[in-house]
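Colleague: I have a structure here, written as structure tokens, and I will follow up with some questions on it.
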Amino acid sequence: MIILGIESSCDETSIGILKDGVLLANEIASQHDIHSLYGGVVPELASRAHVECIDRLFLSALDTGGITAEEIDYIGVTTHPGLKGALLAGTAFAYGLGLRLDIPVYPVNHLFAHIAVNFLDRDVDLPGLGLVISGGHTTLFYVKSPVEFKVVGRTLDDACGETFDKVGRMLGLPFPGGPHIEKTAREGNPDSIRFPVPLLSKNSLDFSFSGLKTALRYHIESSRPSDKPDICASFQKTVGMILIEKASRAIDRYPVKSFFLGGGVVQNSYLRSEFEKLADRRRINLHIPDKRLCLDNGAMAAVMAQFLISRGKKPTSRRIEVL
Ligand code: KG4
Ligand code: ZN
């Protein structure tokens, strides 16, 4: 069974190919060069860039995977959530291809896919908890099965990655800020500045990052350029404290054996190691995707589609759906 996965929800266009559960290709075209000029993702430019490169990526994925288009049995495409125009680029391509090849197209939830990519090459114990930490979302799920996700916590304001990006911009770092903050933080002392750790009410599993962002703004206004490494290290540590506290509360509330991470921010090595320490302390199986599978990619759409197919879910009618 060969599944083509298509992703275009934000600023990465990607095509993945999954054959009998084995990943044959995962071509990713990032638009960072385009959006870095503006310090953030410009939706209209994102849509155009997807349209411009999706055919080329598709052909290159077929080439890498060593298959022909006619061998594809199913298509999984991200239909929500994301930027509407960007999603339409991938969805239109998927539906056109589905019609041409006369094969079913499965709509894929982008956040579920970020978690489901953890099930790619391993057996996992379910139910579990899944945390998506990305540029647009910070959402905690109770994962009952590979196709049953229940939101148990979410950000009430900024997403975690968005906070990295905004703080990066305040510090004059290139877009996206996350990887640059991580790099700058390596030279700094994480204990040099105490930023607030917003945790909301005692039992809440929701997240809030806007207060931390404001605290950073005031601090940066009165800082010197040489303070950047300490600011980045202290900020990154604070984000880690927030995420770990919420994950720990969720483990208290839901006695599960597995914890899954997903989303672009999970590329951060410091945060990965904080979660590893938490998993050791709480004796829980932690699953973290390879770094390349953390950023938006087509492979995860294909993996999610594989579960939808195997659980007997229905493909879409041939109507373009972007929820
Ligand atoms: O999942 P993703 O590729 O796109 C969305 O679905 O939003 O996540 C992109 C986010 C950006 O905010 C970026 O700054 C953040 O992931 N990011 C990082 C790192 N690498 C990417 N944040 C912290 N540390 C990193 N190393
Ligand atoms: Zn994402």
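The values are calculated or read from the model by the stated rules, or taken from the named source; none is laboratory data. Here the structure is a predicted model, which is why all the values come from computation and not from measurement. Positions of Cβ are generated from backbone atoms using ideal geometry, with glycine treated the same way; all protein chains shown enter the neighbour counts.
Colleague: Under 9 Å by Cβ, and 6 or more places apart or on different chains, what pairs join a residue from segment 129-153 that is free of Cβ contacts under 8 Å to residues at least 12 places away in the same chain with one that is in a strand (DSSP E or B)?
Modeller: Correct list of pairs: 148/142; 150/141; 150/142; 150/143; 150/144.
Colleague: Give, as residue ranges, the helices (runs of 4 or more DSSP H) completely inside segment 226-323 that count at least 1 residues that are farther than 30 Å from residue 60 by Cβ. Steps first, answer last, please.
Modeller: Values: elements: 228-253, 269-282, 291-294, 298-310.
Output list reads 228-253, 269-282.
Colleague: Please note which strands (runs of 3 or more DSSP E) are completely contained in segment 1-75 and include at least 2 residues that are more than 16 Å from ligand 2 (Cβ to nearest atom), hydrophobic (A, V, I, L, M, F, W, C) and surrounded by fewer than 20 Cβ atoms within 10 Å (Cβ to Cβ).
Modeller: The qualifying strands (runs of 3 or more DSSP E) are 22-30.
Colleague: Does residue 271 satisfy being within 16 Å of ligand 2 (Cβ to nearest atom) and more than 12 Å from the chain's Cα centre (by Cα)?
Modeller: Values: within 16 Å of ligand 2 (Cβ to nearest atom): yes; more than 12 Å from the chain's Cα centre (by Cα): yes.
The answer is yes for residue 271.
Here's the yes/no breakdown for (1) modelled with pLDDT of 95 or more; (2) among the β-branched types (Val, Ile, Thr); (3) under 17 Å from residue 153 (Cβ atoms):
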site	(1), (2), (3)
189	yes, no, no
195	yes, no, no
200	no, no, yes
208	yes, no, yes
214	yes, yes, no
235	yes, no, no
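Colleague: Mind counting the residues in segment 105-155 that are hydroxyl-bearing (Ser, Thr, Tyr), farther than 18 Å from residue 79 by Cβ and either within 16 Å of ligand 1 (Cβ to nearest atom) or buried (at least 24 other Cβ atoms within 10 Å of the Cβ) (or both)?
Modeller: Number of matching residues: 2.
Colleague: Which numbered condition in (1) without any contact (Cβ under 8 Å) to a residue 60 or more places away in the chain; (2) at negative phi; (3) more than 7 Å from ligand 1 (Cβ to nearest atom) is the only one that residue 162 fails?
Modeller: Of (1) without any contact (Cβ under 8 Å) to a residue 60 or more places away in the chain; (2) at negative phi; (3) more than 7 Å from ligand 1 (Cβ to nearest atom), only one is false for residue 162: (3).
Colleague: So how many residues does segment 168-213 have that are without any contact (Cβ under 8 Å) to a residue 60 or more places away in the chain and either part of a helix (DSSP H, G or I) or on the phi > 0 side of the Ramachandran plot (or both)?
Modeller: Taking segment 168-213 as the starting set, the residues that turn out to be without any contact (Cβ under 8 Å) to a residue 60 or more places away in the chain are 168, 170, 172-173, 177, 180-181, 183-184, 186-204, 206, 208, 210-213.
Restricting the remaining residues to those that are either part of a helix (DSSP H, G or I) or on the phi > 0 side of the Ramachandran plot (or both) gives 168, 170, 172, 177, 180-181, 183-184, 200, 210-213.
The number of residues fulfilling the criteria is 13.
Colleague: Does residue 82 satisfy the condition of being at pLDDT 95 or above and surrounded by 16 or more Cβ atoms within 10 Å (Cβ to Cβ)?
Modeller: yes
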